[in-house]
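Asks: Take a look at the following structure, please.
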Amino acid sequence: MATKEGVLAALKASDDYVSGEWISETLGVSRMAVNKAIRALQAGGYEIEAVNRLGYRLLSGPDLLTKEEIAAYLKEERMERVLCLSTTPSTNLKLSELAYEGAPDGQVVIADEQTKGRGRRGRGFVSPKGKGIYLSYLMRRKETPEAVSEITAWTAAAMIRAIESCLSARVSVKWVNDLIMNRKKIAGILTELSVESESRQIQSLIIGIGINVNEEREEFPEELQTMAGSILSETGQQVKRAELAAQMIRALDKMNRDFPLQKEEYLRLYRERSLILGESISLSGAEMTGEPVKALAINEDFSLKIQYENSGRTEDIRSGEVSVRGLYGYI
Ligand code: BTN
């Protein structure tokens, strides 16, 4: 561990003052090196109080999404499969390159900024620096694509749990993969598969999650302002991104172990938090007749049961995008 990280870890481990002498002995470095590390941390935005004969005390830290910050919440061995980048075009893209080079199951890529964040249906995902969490997770699976088609919905349920463990607010889901707070989209999920064409076996399954954490409402591009929100703008609560990122990794590791046998827990939560049931909806990207449609239920396989309001005919929908009147300003 570098001296700066060691000093930070020592300060974080105590609510009280920590003497410079103790830190230098514990880390096996000189007092001068400790002083230098303290100055570097202060320059990086950490508020550290220094009192004669008592030592140093950490008062507050910046909301960084670095490996050192996330490491405060996860075991050292878990951190071996976590790559943190300050900027990258897309964490899904970076992770697919690592997967091709042989990255292990559970490998994570996190970025503080994405310059070409990818969303569903070829859209982009706005990913400004210092504001959100852009995280991709690799699942090594030998199944066929059909066998993992539910994974995006499982991930939505896992992320509801992760977010709610860091704040007191309720997160909902708009089928199939938008997380909603206060009727605004605060997070999206994009699952990307690479499949060997002959065997139909999955080579890599990458789950990408983008959460808006710290944006003020007016910071979103104008065309997104009616529909997009962040945890801060919708709840007024400040969440430490490093802590939330660690909770996301924990929840994804659990889901990776649970899939596919422990479905009940994920399905129950998904159904319970589903916003669109009973609503009149419109669907895009699916075969539609133009007849008014109601969302009836989430089926066992997370597909959506809809009912045509004129004929009463029902149908199960596996893909497409739902719009609900009144939900983020009707889209
Ligand atoms: C959507 O709502 O359309 C899905 C958005 C998914 C965004 C995440 S951010 C991390 C990962 N990397 C990407 O380029 N996209 C996903």
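The values are calculated or read from the model by the stated rules, or taken from the named source; none is laboratory data. None of these values were measured; they are calculated from a predicted model. With ideal geometry, Cβ positions are generated from the backbone for all residues, glycine too; neighbour counts draw on all protein chains shown.
Asks: In region 160-193, what residues are within 11 Å of the ligand (Cβ to nearest atom) and under 24 Å from residue 226 (Cα atoms)?
Replies: From region 160-193, those within 11 Å of the ligand (Cβ to nearest atom) are 174, 176-179, 185-192; that's our starting set.
174, 176, 177, 178, 179, 185, 186, 187, 188, 189, 190 - these are the residues of region 160-193 that are within 11 Å of the ligand (Cβ to nearest atom) and under 24 Å from residue 226 (Cα atoms).
Asks: Suppose we filter 153, 147 for residues that are over 16 Å from the mean Cα position of the chain (by Cα), in a helix (DSSP H, G or I) and more than 13 Å from the ligand (Cβ to nearest atom); which single one remains? It would help to see each step written out before you state the result.
Replies: Working: 153 fails: over 16 Å from the mean Cα position of the chain (by Cα).
Answer to the selection: 147.
Asks: On to the next question. Go through (1) assigned by TED's automatic domain parsing to the domain that holds residue 40; (2) β-branched (Val, Ile, Thr); (3) over 30 Å from residue 10 (Cα atoms) and name the single condition residue 148 misses.
Replies: (1)
Asks: Going by what's in this entry, would residue 211 be described as away from the ligand (no atom under 12 Å from the Cβ) and surrounded by 16 or more Cβ atoms within 10 Å (Cβ to Cβ)?
Replies: Numbers: away from the ligand (no atom under 12 Å from the Cβ): no; surrounded by 16 or more Cβ atoms within 10 Å (Cβ to Cβ): yes.
No; evaluated as a whole, the condition is false for this residue.
Asks: Under the condition of being closer than 23 Å to residue 246 by Cα and surrounded by fewer than 19 Cβ atoms within 10 Å (Cβ to Cβ), which residue from region 99-114 is nearest to the ligand (Cβ to nearest atom)? Don't jump to the end; show me each part of the working.
Replies: Pass one, region 99-114, residues closer than 23 Å to residue 246 by Cα: 99, 103-114.
Keeping just the survivors that are surrounded by fewer than 19 Cβ atoms within 10 Å (Cβ to Cβ) gives 104-106, 113.
Values: 104: 19, 105: 18, 106: 16, 113: 11 Å.
Out of the qualifying residues, it is 113.
Asks: Moving on. Being within 20 Å of residue 254 (Cβ to Cβ) and in contact (Cβ under 8 Å) with a residue 12 or more places away in the chain is the filter here, so list the residues in region 76-102 that pass it. Lay out the reasoning, then the answer.
Replies: Residues of region 76-102 within 20 Å of residue 254 (Cβ to Cβ): 76-82, 95.
Scanning region 76-102 gives 78, 79, 81, 82, 95.
Asks: A further question follows. Has region 130-139 got at least one residue that is of a type in the set (Lys, Arg) and either surrounded by fewer than 19 Cβ atoms within 10 Å (Cβ to Cβ) or near the ligand (Cβ under 8 Å from one of its atoms) (or both)? Break it down stepwise before answering.
Replies: Residues of region 130-139 of a type in the set (Lys, Arg): 131.
Imposing the further condition that a residue be either surrounded by fewer than 19 Cβ atoms within 10 Å (Cβ to Cβ) or near the ligand (Cβ under 8 Å from one of its atoms) (or both) reduces the set to none.
No, region 130-139 has no match at all.
Asks: Among the listed residues 274, 323, 319, which satisfies the condition of being within 22 Å of residue 171 (Cβ to Cβ), under 25 Å from the mean Cα position of the chain (by Cα) and at pLDDT below 95?
Replies: Details: 274 fails: at pLDDT below 95; 319 fails: within 22 Å of residue 171 (Cβ to Cβ).
None of the other options fit; the residue is 323.
Asks: Filter region 116-129 for residues that are surrounded by 13 or more Cβ atoms within 10 Å (Cβ to Cβ) and more than 8 Å from the ligand (Cβ to nearest atom) and give the result. Walk me through how you get there before you give the answer.
Replies: As a first pass, look at region 116-129 and keep what is surrounded by 13 or more Cβ atoms within 10 Å (Cβ to Cβ): 117-120, 125-129.
The answer is 126, 128, 129.
Asks: Would you please name the residue that is nearest to the chain's Cα centre (by Cα), looking only at residues in region 282-309 that are in a loop (DSSP other than H, G, I, E, B) and modelled with pLDDT of 90 or more? Lay out the reasoning, then the answer.
Replies: Initial filter on region 282-309 (in a loop (DSSP other than H, G, I, E, B)): 285-292, 299-303, 309.
Imposing the further condition that a residue be modelled with pLDDT of 90 or more reduces the set to 299-303.
Details: 299: 25, 300: 25, 301: 23, 302: 20, 303: 23 Å.
So the residue we want is 302.
Asks: Contact list please: Cβ distance under 6 Å, first residue in region 45-57 and under 17 Å from residue 9 (Cβ atoms), second residue among the acidic types (Asp, Glu), pairs at least six apart or on different chains.
Replies: 57/49
Asks: Report yes if residue 73 is in contact with a Pro (Cβ under 9 Å, 6 or more places away or on another chain) and either assigned by TED's automatic domain parsing to the domain that holds residue 133 or closer than 29 Å to residue 251 by Cβ (or both), otherwise no. Working first, answer last.
Replies: Numbers: in contact with a Pro (Cβ under 9 Å, 6 or more places away or on another chain): no; either assigned by TED's automatic domain parsing to the domain that holds residue 133 or closer than 29 Å to residue 251 by Cβ (or both): yes.
So residue 73 fails the test.
Asks: Within 24 Å of residue 113 (Cβ to Cβ) and surrounded by fewer than 16 Cβ atoms within 10 Å (Cβ to Cβ), is that true of residue 164? It would help to see each step written out before you state the result.
Replies: Numbers: within 24 Å of residue 113 (Cβ to Cβ): no; surrounded by fewer than 16 Cβ atoms within 10 Å (Cβ to Cβ): yes.
It is false that residue 164 is within 24 Å of residue 113 (Cβ to Cβ) and surrounded by fewer than 16 Cβ atoms within 10 Å (Cβ to Cβ).
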